[in-house]
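The values are calculated or read from the model by the stated rules, or taken from the named source; none is laboratory data. These figures come from a predicted structure and were not determined experimentally. As a convention, Cβ positions derive from the backbone with ideal geometry for all residues, glycine included, and neighbour counts pool all protein chains shown. The area values use the complete protein model at the heavy-atom level, side chains included, leaving out ligands, DNA and RNA. Shrake-Rupley method; radii C 1.70, N 1.55, O 1.52, S 1.80 Å.
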Amino acid sequence: QVQLVETGGGLVQVGGSLRLSCAASGDIWRTNIMGWYRQAPGKQRDLVVRKQYDGYTVYGDPVKGRFTISRDNAKNTAYLQMDNLKPDDTAVYSCYAEVVDTTTWGSSDYWGQGTQVTVSS
């Protein structure tokens, strides 16, 4: 079994910063991909950022230049630094990981519990 635990999030004013973290634990051989998606009320879930084990990274267009993901592969942990936050960034942010586990030796997708980010104007 694999679990993802998210921390961070909260309320911030426009232009402010927040940092999210996502820690994967359990029967992990490798976390192929780690990242975040977000969903605002009444909208579809959108990609924020995905970072592969080899470092290849894809950011969603709305966050390019403002958000930065980093990974500690040894700790199976990812961090999302969010700067210059805007009201449109308000959403529930969910951590995502594609994990190869040591039980099945296959890859599976896992999700964190989600954390609310609210940007006030």
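What the table below lists for this structure:
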{"item": "Condition met for Tyr53 (open to solvent by 20 Å² or more (accessible area, probe 1.4 Å), out of contact with any Gly (no Cβ under 9 Å at 6 or more places or on another chain) and not charged (D, E, K, R))", "result": "yes"}
{"item": "Number of the exception - Leu85 against (1) part of a strand (DSSP E or B); (2) open to solvent by less than 40 Å² (accessible area, probe 1.4 Å); (3) over 17 Å from Thr7 (Cα atoms)", "result": "(1)"}
{"item": "Residues of segment 1-49 that turn out to be in a strand (DSSP E or B) and under 16 Å from Ser107 (Cα atoms), as a count", "result": "14"}
{"item": "Sole residue being at negative phi and open to solvent by 20 Å² or more (accessible area, probe 1.4 Å), chosen from Thr77, Thr68", "result": "Thr68"}
{"item": "Segment 15-31 residues that are open to solvent by 60 Å² or more (accessible area, probe 1.4 Å), paired with ones that are assigned to a strand (DSSP E or B) and not charged (D, E, K, R) (beta carbon under 6 Å, 6 or more apart)", "result": "Arg19/Gln81; Trp29/Val100; Arg30/Val100"}
